[in-house]
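Novice: Pasting in a structure now, in structure tokens, and then I'll have a few things to ask.
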Amino acid sequence: MIAHFVGAAALILVAAHAGGWLAQRLKQPYIVGQLTVGIALGPSLLGHTAPGAYQALFPKEISPALMGFSQFALVVFLFAVGYELDLKVLGDRARASVTVALAAFVVPMAVGSGCALLFREQLRDLGMPRDLSPGMVVFAGVALSITAVPVLTAIVRENDLSRTVPGVVAVSAAGLLDVIGWTVLAGALMQSGGEKVLDWPWRVGLAVGFVTVMVLVARPVLRKLLWGTRMEPSLRLALLLGFALGSAWVTHSLGLHVIFGALLAGVVVPREKGGTLDPDLLRPLHDAGSLLLPFFFVISGQSVALDSMDATGWVTLVVVTVLAVVTKIGSSTVAARLGGLGRHDAWTVGVLMSTRGLTELIALNAGFQAGLLSKPLYTVLVFMALATTLLTQPFLLLTRRLAERDRPGTPTHTTGTPPVGQPPDGTPTTPVADVS
């Protein structure tokens, strides 16, 4: 089994990062290539075309080891996400960012939950029960409302939008939306019951108590420990990773998922005294996370069942993808306009907020493990996440071309619509702090 695991790990790492590199060459996010490779290495493709090779590479006996690596990668990755999360970046655009975040969550949430209730018969054809639980209905809304902050940030950087109004508004709104989305998702997972060790009201009470202890006790202790001692970077990294893993263990024991404990641990860890991020902590977290995340993509791909995609599945995929794109872009664009942005800047914000990517996959994986999704519906939503992420870059290029077409030949704009990246009054955008 050691030989099987080592061989599978070698294939996963090399193939996934090669897929990510190829996706970047095609002007797509790195995650798109990694997820595609993960699906290709699953039972639907490799297992169907070469069952002997698939059984030799991925025997059932190594599944626990692969799952363990994938969960460790998620803890490291989401710990870094929580550490980087800083809502102070809202700054002068707080009104627009809050408006966009609320609209981008509420509208898709309502549409997703409403569709789950209206189309129960169609969902039964995808393996869902006749009577959907409240957790399933809520999760359907969450699946449409998620925005992937890490992938969005990468797209913003690659398109030179980091210091523009739409870039800052989109990233800050996505960060705020993440807080709302993860909170609602936690409630859905709690209500799902899991192993039914405790009733969900007890789990809610214990979870609130744990968050309180983390904020009021753990954070001051960490501040004194990190700021008051000259700790070696490697020892500090080991201590904080142990803290993140311990927090993940607690939330998992409460019937949630390790992802919530990892995120909470990252949020609780104090920044440097000047409010800056510690590069000696952030760099190895990013390196370890990016190295090990392919294991998560392969585990996600193992649950994708292409053979379950009949006519109902493909029609559902088209409908869900259209709803996901329209509700996100539409609600975010209208909210950005109400927040004072120009027409093209508002469209840019809407397109960016439609990015789902890795965060969507993490949520889908958690919902699937909690029994809130059937395997066919999980497959549909995974492809929806991939499709919406693939569409972000082409939509951004289209928005930019429309802005250039409508841009007058002189610097003075009489139409009231500024170029993408400028505030509504047409003045150059003031540089802002790095939103990453």
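Novice: Restricting attention to region 38-57, and to residues there that are in contact (Cβ under 8 Å) with a residue 60 or more places away in the chain and not in a helix (DSSP H, G or I), which single residue is surrounded by the most Cβ atoms within 10 Å (Cβ to Cβ)?
Specialist: The residue in question is Leu41.
The rows are residues; the columns are (1) in contact with a Lys or Arg (Cβ under 8 Å, 6 or more places away or on another chain); (2) of a type outside the set (Gly, Ala, Ser); (3) touching a residue at least 12 places away in the same chain (Cβ under 8 Å); (4) buried (at least 23 other Cβ atoms within 10 Å of the Cβ).
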residue	(1), (2), (3), (4)
Ser354	yes, no, yes, yes
Leu358	no, yes, yes, yes
Leu361	no, yes, yes, yes
Phe368	yes, yes, yes, no
Lys375	no, yes, yes, no
Leu381	no, yes, yes, yes
Gln393	yes, yes, yes, no
Leu398	no, yes, no, no
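Novice: Identify, from the list Val81, Val179, the residue that is open to solvent by less than 30 Å² (accessible area, probe 1.4 Å), within 19 Å of Leu264 (Cα to Cα) and either over 15 Å from the mean Cα position of the chain (by Cα) or at pLDDT below 80 (or both).
Specialist: Matching residue, one of Val81, Val179: Val81.
Novice: While we're looking at this one, here's another question. Quick test for you: out of Thr412, Thr355, Thr379, Thr392, pick the one residue that is more than 14 Å from Phe139 (Cα to Cα) and modelled with pLDDT under 80.
Specialist: Thr412
Novice: Next up: Please tell me if Ser172 is part of a helix (DSSP H, G or I) and open to solvent by less than 30 Å² (accessible area, probe 1.4 Å).
Specialist: Against the criterion (part of a helix (DSSP H, G or I) and open to solvent by less than 30 Å² (accessible area, probe 1.4 Å)), Ser172 qualifies.
Novice: Then there is this: Within region 12-37, how many residues turn out to be polar (S, T, N, Q), open to solvent by less than 20 Å² (accessible area, probe 1.4 Å) and free of Cβ contacts under 8 Å to residues at least 24 places away in the same chain?
Specialist: Of the residues in region 12-37, 0 are polar (S, T, N, Q), open to solvent by less than 20 Å² (accessible area, probe 1.4 Å) and free of Cβ contacts under 8 Å to residues at least 24 places away in the same chain.
Novice: Next question, about the same structure. Looking at Val169, Val137 in this structure, which one is modelled with pLDDT of 85 or more and under 29 Å from Trp249 (Cα atoms)?
Specialist: Testing whether each residue is modelled with pLDDT of 85 or more and under 29 Å from Trp249 (Cα atoms) leaves just Val137.
Novice: Output the residue which, of all residues in region 104-127 that are small (Gly, Ala, Ser) and assigned to a helix (DSSP H, G or I), is surrounded by the fewest Cβ atoms within 10 Å (Cβ to Cβ).
Specialist: So the residue we want is Gly114.
Novice: Let me ask something additional. Tell me, which residue of region 275-289 that is in contact (Cβ under 8 Å) with a residue 12 or more places away in the chain and out of contact with any Leu (no Cβ under 9 Å at 6 or more places or on another chain) is most open to solvent (accessible area, probe 1.4 Å)?
Specialist: His286
Novice: Another one. Can you list residue pairs whose Cβ atoms sit under 6 Å apart, with the first residue in region 322-344 being over 18 Å from Thr389 (Cβ atoms) and the second being among the hydrophobic types (A, V, I, L, M, F, W, C) and open to solvent by 10 Å² or more (accessible area, probe 1.4 Å)? Count only pairs 6 or more apart in sequence or on different chains.
Specialist: Qualifying pairs under 6 Å: Ser331/Ala103; Ser331/Val107; Thr333/Trp347; Ala335/Ala103; His344/Val420.
Novice: Whether any residue in region 194-207 is of a type in the set (Val, Ile, Thr) and at pLDDT below 85 is what I want to check.
Specialist: Yes: one or more hits.
Novice: Do you know which residues across region 332-373 are among the hydroxyl-bearing types (Ser, Thr, Tyr) and under 16 Å from the mean Cα position of the chain (by Cα)?
Specialist: Those that are among the hydroxyl-bearing types (Ser, Thr, Tyr) and under 16 Å from the mean Cα position of the chain (by Cα): Ser354, Thr355, Thr359.
The values are calculated or read from the model by the stated rules, or taken from the named source; none is laboratory data. Being a predicted model, the structure only gives us computed values, none of them experimental. Every residue, glycine among them, receives a Cβ derived from its backbone with ideal geometry; neighbour counts consider all protein chains shown. Ligands, DNA and RNA are excluded from the accessible area calculation, which covers all protein heavy atoms including side chains. Shrake-Rupley method; radii C 1.70, N 1.55, O 1.52, S 1.80 Å.
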